[in-house]
1. With θ set to phi - 60°, apply the Karplus curve 6.51 cos²θ - 1.76 cosθ + 1.60 along the stretch 32-48 and write out the HN-Hα couplings as whole Hz, x wherever there is a Gly or Pro.
2. Counting each pair of different Cα atoms once, what's the Kirkwood radius of the stretch 1-57 in Å, rounded to one decimal?
3. In straight Cα distance, which aspartates and glutamates are under 14 Å from K9, not counting same-chain residues fewer than 8 positions off?
4. On a straight-distance basis, which aspartates and glutamates could pair with K58 in a cross-link, Cα separation under 14 angstrom, same-chain partners fewer than 8 positions away excluded?
5. Want the number for K11 to K31: 0.36 nm per residue separation, take away the alpha-carbon distance, what's left?
Amino acid sequence: MVMNTLLIKLKEPSSENISKTKELLEKLKVKIPDIRDLKVKMNSRQSELSYDMVLNVKFDSLESMEACLLKMKGSFKMQLADVLLSYGNMTPSIK
């Protein structure tokens, strides 16, 4: 098993936006077959310096993770932006 972790900071971290983003990120498991397991956790201690969420993704092997990342290279930001923008007022900040 290989795990990849992504820290997420929303531009507008309201509880509604955090809940919607969590729901949308959880749908990535269905859209990306190489993902073995996916967990989205919300930060309970909000501050300007903290991230709002963490996305933990498990793959069967380093090779399957790399293959998945190569497939998504260049398009992942667009896919995630499309998912977040489907809620209208959510502007993703992806670097």
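1. Rounded to whole hertz, the list is 10, x, 6, 6, 7, 8, 9, 10, 10, 10, 9, 7, 8, 10, 7, 8, 5.
2. Details: mean 1/r = 0.0837 Å⁻¹.
One decimal place: 12.0 Å for the Kirkwood radius.
3. Filter leaves E48, D52.
4. Within the straight-line cut-off, K58 pairs with E26, D34, D37, E66.
5. Extending this stretch completely gives an extra 4.7 nm.
A short reminder: the numbers here are calculations on the coordinates, not readings from a lab. Computed from a predicted model, the values in this text were never measured in an experiment.
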